[in-house]
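Structure first, commentary second.
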Amino acid sequence: MKIAVFPGDGIGGEVVDEALRVLERVGGKYGLKIETEKALVGGGAYDEYGVPLPEKSLSLAKQADAVLLGAVGGPKWEPLDYEFRPERALLGLRSELDLFANLRPAKIYPALADSSSLKREVVEGIDIMVVRELVGGIYFGRPKGVEKLADGTERGVNTLVYTTPEIERIARIAFEIAMKRGKRVCSVDKANVLECTELWRRVVTKSHAGYPEVELSHMYVDNCAMQLVRYPGQFDVIVTTNMFGDILSDISAMLTGSIGMLPSASLGATSGMYEPVHGSAPDIAGQDKANPIATILSVAMMLHYTLDAAEAARDIEQAVQKVLDAGYRTPDIAADGVKPVGTKQMGQLIVDAIET
Ligand code: NAD
């Protein structure tokens with residue numbers, strides 16, 4: 001298996017280094033043949049090549065079985081025109097690799113239940129996977145834009161559009177994932193108001209026929225937002241449109257506490273990109289303060305979804321849990337009475353917790 005590694009900017013390189021050490025450890029333990037190759041994307045790539053996603057990096061990503069990305073961006077590149085901004089590299093990779101499914105797990109580690117903004121008894125035990133459609137819907141539909149009207153006012157328009165194949169492929173991903181988890185899918189729409197999501201509901205229901213073991217339910221998005229903070233334990237897999245998923249995945253992620261803990265995967269038909277949810281955190285870059293766990297858990301997702309090495313993935317998740325249970329914390333998840341550690345030590349502790 002070949003992995004394209006894009007550390008990116010800010011803390012990206014620091015957290016990716018730790019994640020690669022963990023990958024090496026489980027690779028050795030389970031005899032996985034994994035080859036990694038690093039390249040530049042984001043601000044660093046702009047400095048070197050004048051573009052945030054150089055052709056060389058893009059073709060490496062296309063040839064690879066999976067992409068591991070740190071984070072891109074920083075104040076240095078903020079004055080640049082939009083097309084040269086580091087974040088353009090992410091959009092370029094998503095569209096070039098046709099990564100249509102975004103997976104954001106929200107799982108609570110018992111040792112961190114008190115870091116959530118909700119009460120411990122509400123969040124304890126939650127393990128949700130939000131599957132968000134990533135390349136369609138209102139963010140891409142046409143017509144779009146803002147036009148001046150004859151009376152001097154303006155009119156803004158965006159178009160919510162989904163086709164049957166677009167809905168079928170994201171529904172299939174959700175059902176497949178549910179088969180490997182709790183076998184429950186909740187499809188979220190606004191079918192009572194939006195015709196496009198009435199189609200969404202019909203197509204998801206039809207796609208369900210291939211997965212009789214999975215229990216399918218439907219929920220309106222406003223109710224889902226409420227249920228996520230009222231009783232999140234009721235959800236297993238949530239599948240939804242691009243915009244609803246954008247919002248619901250942030251709500252469900254924050255149920256678990258720190259942004260430094262949250263991994264993500266973006267899947268296409270033949271490729272997958274794995275990255276922490278957080279950005280390049282320029283405020284703590286180069287200070288050995290960043291929490292590498294989000295990136296380490298992104299590697300676990302890569303093992304699970306692209307490399308078909310579920311046991312190795314579970315091993316990483318258990319190692320993270322062991323280290324947290326033992327009281328080790330980076331500053332972002334620090335609390336009274338814990339053992340403070342930096343990025344490198346946290347990475348080493350997790351490597352050590354993976355028994356050979
Ligand atoms: P950010 O996620 O980088 O940081 C937000 C806050 O969380 C900061 O206080 C930061 O110190 C903290 N934080 C983030 N990750 C952490 C970690 N692993 N450990 C400990 N603390 C952590 O978001 P921002 O400050 O809004 O953006 C900074 C830059 O990152 C911007 O240029 C933005 O465009 C970019 N960005 C990139 C991505 C990406 O690459 N996927 C995502 C979001 C933001």
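The values are calculated or read from the model by the stated rules, or taken from the named source; none is laboratory data. In this text the structure is predicted, and so the values were computed from the model without any measurement. Backbone-built Cβ (ideal geometry, glycine too); neighbour counts: all protein chains shown. Heads up: the accessible areas ignore ligands, DNA and RNA and are worked out on the full protein's heavy atoms, side chains in. Shrake-Rupley method; radii C 1.70, N 1.55, O 1.52, S 1.80 Å.
Using a probe of 1.4 angstrom, how much of the accessible area of the chain is carbon and sulfur, in percent? Numbers along the way, then the final one.
Working: 8200 of 16050 Å².
Of the solvent-accessible surface of the chain, carbon and sulfur hold 51 percent.
With contacts defined as alpha carbon pairs under 8 Å and 6 or more residues apart, what's the relative contact order of the chain in percent? The partial results should precede the final answer.
On the way: 756 pairs, mean separation 80.0, N = 356.
Averaging sequence separation for qualifying contacts and normalising by length gives 22 percent for the chain.
Largest first and in whole Å, what are the equivalent-ellipsoid semi-axes of region 133-261 based on the Cα gyration tensor, each being the root of 5 times an eigenvalue? Walk me through the intermediate numbers first.
Values: eigenvalues 170, 74, 31 Å².
Here the semi-axes work out to 29, 19, 13 Å.
Name the residue farthest towards the positive end of the dipole of the chain from the options F175, T153, A89, assuming +1 on Cβ of Lys and Arg, -1 on Cβ of Asp and Glu, about the Cα centre.
Going by the Cα projections, it comes out as F175.
How far apart, in nm, are the 7 Å Cα→Cβ label points at E124 and T36?
If labels sit at E124 and T36, their model points lie 3.7 nm apart.
Counting Lys and Arg as +1 and Asp and Glu as -1, each charge on the Cβ, what is the dipole of region 100-171 about the Cα centre in debye, to the nearest 20? Could the numbers behind the result be given before it?
Values: 10 positive and 10 negative charges, 30 e Å.
About 140 debye.
Given the options A253, F235, H304, identify the residue whose Cα lies farthest towards the positive end of the charge dipole of region 213-323 (+1 on Cβ of Lys, Arg; -1 on Cβ of Asp, Glu).
A253
What GluC sites (Glu not before Pro) does region 86-138 have in DSSP loop regions with at most 10 other beta carbons within 10 Å?
Sites meeting the loop and neighbour criteria: none at all.
Only residues of region 224-258 count here: report those whose backbone N is under 11 Å from the spot 7 Å along Cα→Cβ of S217, or say none.
It comes to 224, 227-228, 231-237, nothing else.
Counting helices only, and only those DSSP H runs with n ≥ 4, report the 222 nm mean residue ellipticity of the chain as the sum of -39,500 (n - 2.57) divided by its residues, in deg cm²/dmol to the nearest 500.
Working: 12 runs with 140 residues, N = 356.
So the calculated ellipticity at 222 nm is -12000 deg cm²/dmol.
Quick one: 3J(HN,Hα) in Hz for region 227-237, Karplus 6.51/-1.76/1.60 with θ = phi - 60°, rounded, Gly and Pro as x.
Result, ordered by residue: 5, 5, 9, 8, 8, x, x, 6, 9, 10, 10 Hz.
With θ set to phi - 60°, apply the Karplus curve 6.51 cos²θ - 1.76 cosθ + 1.60 along region 23-32 and write out the HN-Hα couplings as whole Hz, x wherever there is a Gly or Pro.
Karplus-based 3J(HN,Hα) across region 23-32 equals 4, 4, 5, 5, x, x, 5, 9, x, 7 Hz.
Under a point-charge model restricted to the Cβ atoms of Lys and Arg (+1) and Asp and Glu (-1), what is the dipole moment magnitude of the chain relative to its Cα centre, in debye to the nearest 20?
Details: 38 positive and 49 negative charges, 118 e Å.
The calculation lands at about 560 debye.
So if we plug the beta-carbon distance of E176 and D352 into 1/(1 + (r/R0)^6) with R0 = 30 Å, what FRET efficiency do we get, rounded to 0.05? Numbers along the way, then the final one.
Numbers: r = 34 Å, r/R0 = 1.12.
Given R0 = 30 Å and the Cβ-Cβ separation, E is 0.35.
Counting DSSP beta bridges in the chain, what percent are antiparallel, to the nearest 5? If you can, show how the numbers build up before the last one.
Numbers: 19 of 46 bridges.
Taking every DSSP beta bridge within the chain, about 40 percent pair in antiparallel fashion.
Looking at region 12-63, which trypsin sites (Lys or Arg not before Pro) are DSSP coil and have at most 11 other C-beta atoms within 10 Å of their C-beta? Walk me through the numbers on the way to the answer.
Working: sites: R21, R25, K29, K33, K38, K56, K62; in loops: K33.
Answer in residue order: K33.
Could you work out how far apart the two model spin labels at N192 and E147 are, taking each label as a point 7 Å from the Cα in the direction of the beta carbon, and quote it in nm?
The two pseudo-label positions are separated by 3.3 nm.
Which one, G210, V123, A61, is farthest towards the positive end of the dipole of the chain when Lys and Arg carry +1 and Asp and Glu -1 on their Cβ?
Towards the positive end, the residue furthest out is G210.
If you keep only loop residues by DSSP, which chymotrypsin sites (Phe, Trp or Tyr not before Pro) in region 73-182 have at most 16 other Cβ atoms within 10 Å of their Cβ? Please list the in-between numbers first.
Values: sites: W77, Y82, F84, F100, Y139, F140, Y162, F175; in loops: F100, F140, Y162.
Listed in order of number, the matching sites are F140.
What residues from region 120-146 fall in the zone where the backbone N is under 11 Å from a label point 7 Å along the Cα-to-C-beta line of V338?
What the label zone holds, given the 11 Å backbone N cut-off, is no residue at all.
Could you state the orientation-averaged shadow area of the convex hull built on the Cα atoms of region 182-329, in nm² to one decimal? Mind dumping the intermediate values first?
Values: hull surface 44.4 nm².
Approximately 11.1 nm², given one-decimal rounding.
Anything over 29 Å Cα to Cα? Flag those among K62/K180; K180/K339; K33/K344; K2/K183; K107/K289, in the order listed. Could you put the intermediate results ahead of the total?
On the way: K62/K180 27 Å; K180/K339 35 Å; K33/K344 25 Å; K2/K183 31 Å; K107/K289 23 Å.
Over 29 Å apart, Cα to Cα: K180/K339; K2/K183.
Efficiency by 1/(1 + (r/R0)^6): what FRET value for A326 and T163, r their Cβ-Cβ distance, R0 = 51 Å, to the nearest 0.05? Please report the intermediate quantities before stating the final value.
Details: r = 50 Å, r/R0 = 0.98.
Result of the calculation: an efficiency of 0.55.
Given a 1.4 angstrom probe, what's the average accessible area per residue across the chain, in square angstrom? Mind showing how you got there, number by number?
Working: 16050 Å² over 356 residues.
I get 45 Å² per residue for the chain.
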